[in-house]
Amino acid sequence: MLNFGFGDMSVTIIILIALSFYSLSFYLEKLYTVIRLARKNGEDLKKISAVVFSGAHAKMDGKESVSELFNELIAENNLVLTKNARSLIFNYNIEADIAVEKIKVSISKLGSIAVLAPYIGLFGTVMGIIEAFAVIARTGSSNFAYVSKGISEALVATAAGLFLAIMASFFYNHLLSKLKLMQTFKDCFIDRLENELKERSINE
C-alpha cells in the first residue's frame, strides 16, 4: 500500500493543475457574464427611467409604454401583475436580484476550490512523506540527503495546493465585489426613481 505514495502525490499534483485551469477558465467566463449583466442592467434602468417619466416630456401613452417594457423585462408568468410604473420598478428590482443570486450560487464553486485546495495538496504531501520513510525503512538507509529529497518533492503538492487556493480566493472575491458594486448601483438608481415618482405624485 505504501508503495503508491509518490504515485498518489503525482495524481494529486495533476488534480491541482487541472483545477487551476478549470478555475481560470470558469473565472473568465463568469467575469464576462457579470460584465454583460452590469451593462444590461444599466441599459434597462435607462429604459425604465425614460418610459416612466416620458409622460411629462413627450406626447405618448405612458401606460402602453410601461406595459410593453414590463413584458420585455419581467419574466414572472405565474402571477397576474399590475403593469404600472411602480410595479415595473418593484418587479425589475426583484428580477435583477434573482439574476445576481444565480451568479453567486454558480461562483460558489470557486469558493469551494479555495477551501479544499490546501487539503488536497496536504494529502499529496502526507502520502509522499509516508512513502519516503517507508523506503528508508525497507532499505535501512538513514542518508539525510535522500530523506530531504523525498520530503522536498512531497512538499511540492502543498505548495501547489496553496497556490490554487490563493488564486481561487482572488477570483471568487473579485467576482463577488463586482456583483456587489453592480447591486449597489442598481439599488441607488431605483431609490432615486422611486423618490422622483413620489415627489412628482405629491406635486401633482
Problem - Matching residues, segment 28-55, being part of a helix (DSSP H, G or I), of a type in the set (A, V, I, L, M, F, W, C) and over 17 Å from the mean Cα position of the chain (by Cα) - result: Leu45, Ile48, Ala50, Val51, Val52
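Any residue at all in segment 106-114 that is at pLDDT below 90 and either touching a Pro at 6+ places or on another chain (Cβ under 9 Å) or on the phi < 0 side of the Ramachandran plot (or both)? Can you show your working first?
Initial filter on segment 106-114 (at pLDDT below 90): none.
Checking segment 106-114: not a single residue is at pLDDT below 90 and either touching a Pro at 6+ places or on another chain (Cβ under 9 Å) or on the phi < 0 side of the Ramachandran plot (or both).
Just one of Leu181, Leu175 is in contact with a Lys or Arg (Cβ under 9 Å, 6 or more places away or on another chain), farther than 20 Å from Ala18 by Cβ, part of a helix (DSSP H, G or I) and at pLDDT 85 or above; which is it? Give the steps one after another, and end with the answer.
Details: Leu181 fails: in contact with a Lys or Arg (Cβ under 9 Å, 6 or more places away or on another chain).
Unique residue meeting the criteria: Leu175.
The values are calculated or read from the model by the stated rules, or taken from the named source; none is laboratory data. What you see is a predicted model, and the numbers here were worked out from it, not measured in a lab. FYI the Cβ positions are ideal-geometry reconstructions off the backbone, even for glycines, and counts take in every protein chain you see.
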